[in-house]
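Peer 1: If you scroll down you'll find the structure; I have some questions about it.
The values are calculated or read from the model by the stated rules, or taken from the named source; none is laboratory data. It should be emphasised that the depicted structure is a prediction, and the values quoted were computed from it without experimental measurement. Cβ coordinates were reconstructed from backbone atoms using ideal geometry, including for glycine residues, and neighbour counts include every protein chain displayed.
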Amino acid sequence: MRDPVVIGKFGRPHGVRGELRFWPHNPDSSVLAEGRVVGVEGAPDDASTHVVEKARAAAKFWIVKLEGVDDRDEAAAFRNREVYVSRDVLPELDDDEYYHADLVGLAVLGHQSASDPVVEIGAVAGFLDAVDTDVMVVEGARVDGRLLVPMLAAVVLDVDLEAESVTLAPLDAWAPVDERLVP
């Protein structure tokens, strides 16, 4: 598969006929269609690609049937495995849009306050799906463990794919802490 992009992850089996719950990174996307070839991370049968036999949207996830996966036990082997497609099947993006996969590995720049110099604080390690917004995971030398950054315009000031960097607002500009909530 050429230039693969992760589009979501399989969940537990749905029913007894080999169907799986699929949790897409973009629930509004229609990229997962019948007949589409998808890659599956660490597929149990060592085949890296599979053909989507059926796909339909449910309330919070999709229900997907892969060709050749015909019962609940076979489907269970795909649980928690990432699903990806070739970049060329994804929709064209506007100039100010990007895929999360394009940010992984980029330098993250930031500073404690507006008067401090901007420094590289780490690199984008991945993303978490949260209820209201996606969360960027930053790891690196200036980060103790992981820094979780909400993907909000007030926090992420700039994404520059050409410069291979993501610039954050000063930490003291992020949402104020309600001292009543701090133990």
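Peer 1: Please go through the stretch 84-99 and pick out each residue that is farther than 13 Å from VAL159 by Cα and without any contact (Cβ under 8 Å) to a residue 24 or more places away in the chain. Give the steps one after another, and end with the answer.
Peer 2: Narrowing the stretch 84-99 to residues farther than 13 Å from VAL159 by Cα: 84-94.
Residues satisfying the conditions are GLU92, LEU93, ASP94.
Peer 1: Within the stretch 86-107, does at least one residue satisfy the condition of being modelled with pLDDT of 95 or more, surrounded by 13 or more Cβ atoms within 10 Å (Cβ to Cβ) and out of contact with any helix residue (DSSP H, G or I) (no Cβ under 7 Å at 6 or more places or on another chain)? Steps first, answer last, please.
Peer 2: Within the stretch 86-107, the subset modelled with pLDDT of 95 or more is 106-107.
Next cut, surrounded by 13 or more Cβ atoms within 10 Å (Cβ to Cβ) only: 106-107.
Filter once more, so that each one left must be out of contact with any helix residue (DSSP H, G or I) (no Cβ under 7 Å at 6 or more places or on another chain): 106-107.
Scanning the stretch 86-107, I find at least one residue that is modelled with pLDDT of 95 or more, surrounded by 13 or more Cβ atoms within 10 Å (Cβ to Cβ) and out of contact with any helix residue (DSSP H, G or I) (no Cβ under 7 Å at 6 or more places or on another chain), so the answer is yes.
Peer 1: Can you find a residue that is surrounded by 14 or more Cβ atoms within 10 Å (Cβ to Cβ), assigned by TED's automatic domain parsing to the domain that holds ASP28, under 17 Å from the mean Cα position of the chain (by Cα) and at pLDDT 90 or above anywhere in the stretch 70-78?
Peer 2: Scanning the stretch 70-78 turns up no residue that is surrounded by 14 or more Cβ atoms within 10 Å (Cβ to Cβ), assigned by TED's automatic domain parsing to the domain that holds ASP28, under 17 Å from the mean Cα position of the chain (by Cα) and at pLDDT 90 or above.
Peer 1: In the stretch 122-166, which residue that is touching a residue at least 40 places away in the same chain (Cβ under 8 Å) and of a type in the set (Val, Ile, Thr) is surrounded by the most Cβ atoms within 10 Å (Cβ to Cβ)?
Peer 2: Across the stretch 122-166, the extreme among qualifying residues is VAL166.
Peer 1: Which of (1) touching a residue at least 12 places away in the same chain (Cβ under 8 Å); (2) in contact with a Phe, Trp or Tyr (Cβ under 8 Å, 6 or more places away or on another chain); (3) more than 27 Å from PRO150 (Cβ to Cβ) is the odd one out, the single condition ALA76 does not satisfy?
Peer 2: For ALA76, the exception is condition (2).
Peer 1: Same structure, new question: Taking VAL64, is it among the β-branched types (Val, Ile, Thr), crowded, with 18+ Cβ neighbours inside 10 Å, outside the structural domain of GLU162 (by TED's automatic domain parsing) and touching a helix residue (DSSP H, G or I) at 6+ places or on another chain (Cβ under 6 Å)?
Peer 2: Numbers: among the β-branched types (Val, Ile, Thr): yes; crowded, with 18+ Cβ neighbours inside 10 Å: yes; outside the structural domain of GLU162 (by TED's automatic domain parsing): yes; touching a helix residue (DSSP H, G or I) at 6+ places or on another chain (Cβ under 6 Å): no.
Spelling it out, it is not the case that VAL64 is among the β-branched types (Val, Ile, Thr), crowded, with 18+ Cβ neighbours inside 10 Å, outside the structural domain of GLU162 (by TED's automatic domain parsing) and touching a helix residue (DSSP H, G or I) at 6+ places or on another chain (Cβ under 6 Å).
Peer 1: A further question follows. Please go through the stretch 24-35 and pick out each residue that is surrounded by fewer than 17 Cβ atoms within 10 Å (Cβ to Cβ), on the phi < 0 side of the Ramachandran plot and of a type outside the set (S, T, N, Q).
Peer 2: PRO27, ASP28, VAL31, ALA33, GLU34
Peer 1: With respect to LEU66, determine if the residue is without any contact (Cβ under 8 Å) to a residue 60 or more places away in the chain and touching a His at 6+ places or on another chain (Cβ under 9 Å). Quick ask: steps written out before the conclusion?
Peer 2: On the way: without any contact (Cβ under 8 Å) to a residue 60 or more places away in the chain: yes; touching a His at 6+ places or on another chain (Cβ under 9 Å): yes.
Yes.
Peer 1: Inspect the stretch 1-21 for any residue being farther than 10 Å from TYR84 by Cα and touching a Ser or Thr at 6+ places or on another chain (Cβ under 6 Å) and give the result as yes or no.
Peer 2: yes
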